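Notes to accompany the following structure.
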């Protein structure tokens with residue numbers, strides 16, 4: 001289970017270190033991550049892996065392998081080409 005500090009460590013490299021979002025017209029905006037809101041959403045919101053397993057069209061994924069126990073799919077925002085996520089089918 002992630003703690004707020006662990007979430008911050010993991011997200012800081014993705015969001016705070018880069019600190020930019022693309023707004024569509026070749027300009028970048030800096031933004032501050034609301035860690036408390038993110039933590040609340042991560043704990044209470046829908047599990048994206050469960051939605052991918054259920055093949056919900058709101059959560060499209062390129063599934064590369066699946067069996068009765070696990071599912072493997074390509075990362076939506078891969079740090080490297082072909083980065084694959086592997087997850088158990090059953091939510092714990």
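The values are calculated or read from the model by the stated rules, or taken from the named source; none is laboratory data. Here the structure is a predicted model, which is why all the values come from computation and not from measurement. Quick reminder, even Gly has a Cβ in these numbers, built from the backbone with ideal geometry, and neighbours come from all protein chains shown.
Summary table below
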| read-out | value |
| --- | --- |
| From 16, 35, 11, 80, residue being at pLDDT below 85 and either over 12 Å from the mean Cα position of the chain (by Cα) or exposed (fewer than 13 other Cβ atoms within 10 Å of the Cβ) (or both) | 16 |
| Selection count, the stretch 63-77, where residues are surrounded by 11 or more Cβ atoms within 10 Å (Cβ to Cβ) and either touching a residue at least 40 places away in the same chain (Cβ under 8 Å) or part of a loop (DSSP other than H, G, I, E, B) (or both) | 2 |
